[in-house]
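First comes the structure, then the notes that go with it.
The values are calculated or read from the model by the stated rules, or taken from the named source; none is laboratory data. Note that the coordinates shown come from a computational prediction; the quantities given were computed from them, not determined experimentally. Glycine gets a Cβ as well: all are built from the backbone with ideal geometry, and neighbour counts include every protein chain shown.
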Amino acid sequence: MIIVTGYVQVPPSDLKAFTRDLADLAEAARERDGVMSYDAAVVDPSRGRLLVMERWRDQQALSAHLAAADTIAFVTRWGQRLSADIRKYDATRERALADA
């Protein structure tokens, strides 16, 4: 499993439009093969800061999402107006929180 997580920041004046566009992308992404979860939450509206969290079955599924036309259009539209620190992690031993 691939976990993608980190922060995105947009100008606060763009936050409403950005979250609307992101919600549309998230809706499409949640229908893609290999997506396990795809979520974002505004954590500091005064700074336009969001936390993003995605889980993908494997790199192939994530790569297909990144190559999708709607993902490319989103990045093209917002890429110059945002800053981001997003990382991906390989998870090889998933278990419940309380499990050892």
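The set of residues in segment 62-83 that are in contact (Cβ under 8 Å) with a residue 40 or more places away in the chain and in a helix (DSSP H, G or I) comprises Leu62, Asp70, Thr71, Phe74, Arg77, Trp78, Arg81. For segment 43-57, the count of residues that are free of Cβ contacts under 8 Å to residues at least 12 places away in the same chain and acidic (Asp, Glu) is nonzero. On inspection, Arg32 passes the criterion of being assigned to a loop (DSSP other than H, G, I, E, B), surrounded by 14 or more Cβ atoms within 10 Å (Cβ to Cβ) and out of contact with any Pro (no Cβ under 9 Å at 6 or more places or on another chain). Exactly one residue out of Tyr7, Tyr38, Tyr89 is aromatic (Phe, Trp, Tyr), modelled with pLDDT of 95 or more and in contact with a Leu (Cβ under 8 Å, 6 or more places away or on another chain), and it is Tyr7.
All of (1) touching a strand residue (DSSP E or B) at 6+ places or on another chain (Cβ under 6 Å); (2) exposed (fewer than 11 other Cβ atoms within 10 Å of the Cβ); (3) hydrophobic (A, V, I, L, M, F, W, C) hold for Leu97 with one exception: (1).
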